[in-house]
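Since every read-out is calculated from the coordinates, none of them should be taken as a lab result. Everything quoted here is computed from the prediction, not taken from an experiment. Neighbour counts are summed over all protein chains in view; Cβ atoms, including those assigned to glycine, are modelled from backbone coordinates with ideal geometry.
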Amino acid sequence: MNRKPIAIVGAGPTGATLGLLLAERGLPVVVIEASRNFRRVFRGEGLMPSGLEALGQMGLSQLVEQVPNQTIGSWEFVIEGRSIFSVDEPMGNDMPCTLVAQPQLLEAVIDRAKALPNFRFISGETVQSLITEDNRVSGCTLSNGETIQTALVIGCDGRSSMIRKLSGLTLNEEAKPFNVVWFKLPDTDLIPQSNPFTIFVKGDAVFSLFRSSEGLIQVGWSVQNEDWKSVTDWSQTLAEASPPWLAAYFRTQEVVETIPDRPLCLTVTVGHAPQWSTPGCLLLGDAAHPMSPIRAQGINMALRDAIVATNYLVKAWRSAEDQSLITIFDRALLQIQTDRHPEIRQIQSLQAQEAADGMKLHRSAALRNLVRTLAPIVGIALREKWKLRQRKLRSGTTIVRLTV
Ligand SMILES: Cc1cc2nc3c(=O)[nH]c(=O)nc-3n(C[C@H](O)[C@H](O)[C@H](O)COP(=O)(O)OP(=O)(O)OC[C@H]3O[C@@H](n4cnc5c(N)ncnc54)[C@H](O)[C@@H]3O)c2cc1C
C-alpha cells in the first residue's frame, strides 16, 4: 500500500524515539527537526528507572551505555548547613537514576532510524503551517517551502509547541511558572565520585548540585523572580548558602570565570493540554504536557508517551484498509490521551508537592531552623515521607509496555 507518511515534528526524546519505533514497525515516517545538529542546549538529562526501562523496551539500553553517562549515588538534603537526611540509590529499583547525554543519545537514535528505507530525517527546518482539508490536518509546510501530505502530524516540538498553536489546541498552565537558573561549572574533587545529588536550602537560596553525564558540575537553582533581581554576584550568593567546603569552590577563580556575567534564568511553564489531538494531528511529550524539571520527569514521561503512541498507531496501521486508515488513526489519537493523561497529571501533582515542600522551607526561617535543630529526630520521618513519594516519581504510576 502506498500510504502518506506520519510527520513527527521535533527530534527531542519524544520525537526521536517515536520516529524510530514507528519506522522499525514498517510505517513511513518523516521527522522534522528545527536545529541543524544535536549540539543545541539541553536542559535535562536525568533518567529515572521508568525512563531507563522504557529505553530498554525500545532496544536502546546499549546506546545508553555507549554515550556519556553518570549514575546518581544518593540524594542528600542539607538545610541551613546541616545534613537532614540522605537516601542511597537505587532505592529498591533495579537501576539507579542516571544522567545520560541527550545530544549523543538522540543522534544515535536518529542514526539507527536513518538506516531504515521508510524513514526520512529533515534537519534545520521548522514546520511553519498545517494544511487542513475537510476539517482534518492533512499535511504541513516547512520553512524551506516543502509541503508534505500526511496521514498524521505528531507535534513533539516541546513546551512552546508550534503545532499546538497551529492546530488550535490549548494549554492549561499551572498558576505559577517555575524559575530555574541552570548552568554547568568545572568538575571538582569536592563532589565525591559516587555523585550525590545534593539539595541545599539556606536563607533565600534553594539549589541542587550533581555531576552531569559529561563530568561537569550541574547547578539547578530554584529562584523567585524578585529574589533573582536582587542577586548581583551569583557565585558569592551560592557561596553564602553553602557549607564551608562548598563555599570555597564557588569562590575559586576558575568557577567565577566560567560565567563572567550572570547565568541564564529560565522561566519554565508547566501545564497540560486538555485535548491532545484534533483530527489528523496529535501532541505528545512536552507539547502536550510541559513538565517541571523537579525530580527529572519530562524525558521519562516523553519516552512512555512514545511507547503508548506506538502501540495504538501500529495496531491502527495494521488493521486499516487504505480508506479507513484516517478514521482508525483519529480514534487511536483519543485512546492515546485516555491512556497517558492520568499518569501525566499524577506525576505533575507529585512534582507540585515536592515544590510546595521546598517553598515552605524557603519561606520560613523558623521552619528551617526547627528542622535543622531537630534533624536527628525529624530527619527519619522526613526521609520516609520523601521516599514514599519517590516510588511513583521513579517508576511511574501505571504499567507501560511496548506490545507491538
Ligand atoms: C531546566 C530543566 C531541567 C530538566 N531536567 C530534566 C531531567 O533531568 N530529566 C527529565 O526527565 N526531564 C527534565 N526536564 C524536562 C525535559 O527537558 C522535557 O520534559 C523533555 O525534553 C521533553 O521532551 P520532548 O521531546 O517532548 O521536547 P523537547 O526536548 O523540548 O524537544 C522538542 C524538539 O522539537 C524541536 N522543534 C521545536 N519547534 C519545532 C518546529 N516548529 N519544527 C521542527 N522542530 C521543532 C526542538 O528543536 C526540539 O529538538 C528538564 C527541563 C528543564 C527546563
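How much length would be gained if the chain were fully extended between Arg40 and Lys176, taking 0.36 nm per residue of separation minus their Cα-Cα distance, in nm to one decimal?
Net length gain for the segment: 46.3 nm.
Cross-link partners among aspartates and glutamates for Lys315, C-alpha distance below 13 Å, same-chain residues fewer than 8 apart left out?
Asp330
Above 18 angstrom, tally the Cα pairs of segment 315-384 and express them as a % of all pairs, no decimals.
64 percent
Would you kindly compute the Cα radius of gyration of segment 78-137 and its largest Cα-Cα separation (Dmax), both in Å?
22.3, 64
Of Asp189, Asp227, Asp261, which has the largest mean-square fluctuation in a 10 Å C-alpha GNM of the chain?
Result: Asp189 has the largest fluctuation of those listed.
Over all pairs of distinct alpha carbons, what does the Kirkwood formula give as the hydrodynamic radius of segment 91-230, in Å?
19.7 Å
Test of understanding: express the Cα radius of gyration of the chain as a ratio to 2.2 N^0.38 Å, with N the residue count.
Relative to the rule-of-thumb radius for its length, the chain sits at 1.03.
Return, for the Cα atoms of segment 28-108, the radius of gyration and Dmax in Å, separated by a comma.
Both quantities, over Cα of segment 28-108: 16.1, 56 Å.
Ordered by residue, what ³J(HN,Hα) values in Hz, to whole numbers, does segment 10-18 give under the Karplus form 6.51 cos²θ - 1.76 cosθ + 1.60, where θ = phi - 60° and Gly and Pro are x?
Rounded to whole hertz, the list is x, 10, x, x, 5, x, 5, 6, 5.
Run through every distinct alpha carbon pair of segment 178-268 and return the Kirkwood hydrodynamic radius in angstroms, one decimal place.
13.3 Å
Counting only helical runs of four or more DSSP H residues, what would the 222 nm mean residue ellipticity of the chain come to if each run contributes -39,500 (n - 2.57) and the total is spread over all its residues?
One gets -12500 deg cm²/dmol as the mean residue ellipticity at 222 nm.
Assign unit charges at the C-beta atoms only (+1 for Lys and Arg, -1 for Asp and Glu), then state the dipole size of segment 178-268 relative to its Cα centre in Debye, rounded to the nearest 20.
I would put it at about 160 debye.
Structure shown: which of Lys114/Lys165; Lys4/Lys114; Lys360/Lys387; Lys202/Lys360; Lys114/Lys184; Lys176/Lys392 lie over 21 Å apart, alpha-carbon to alpha-carbon?
Lys114/Lys165; Lys114/Lys184; Lys176/Lys392
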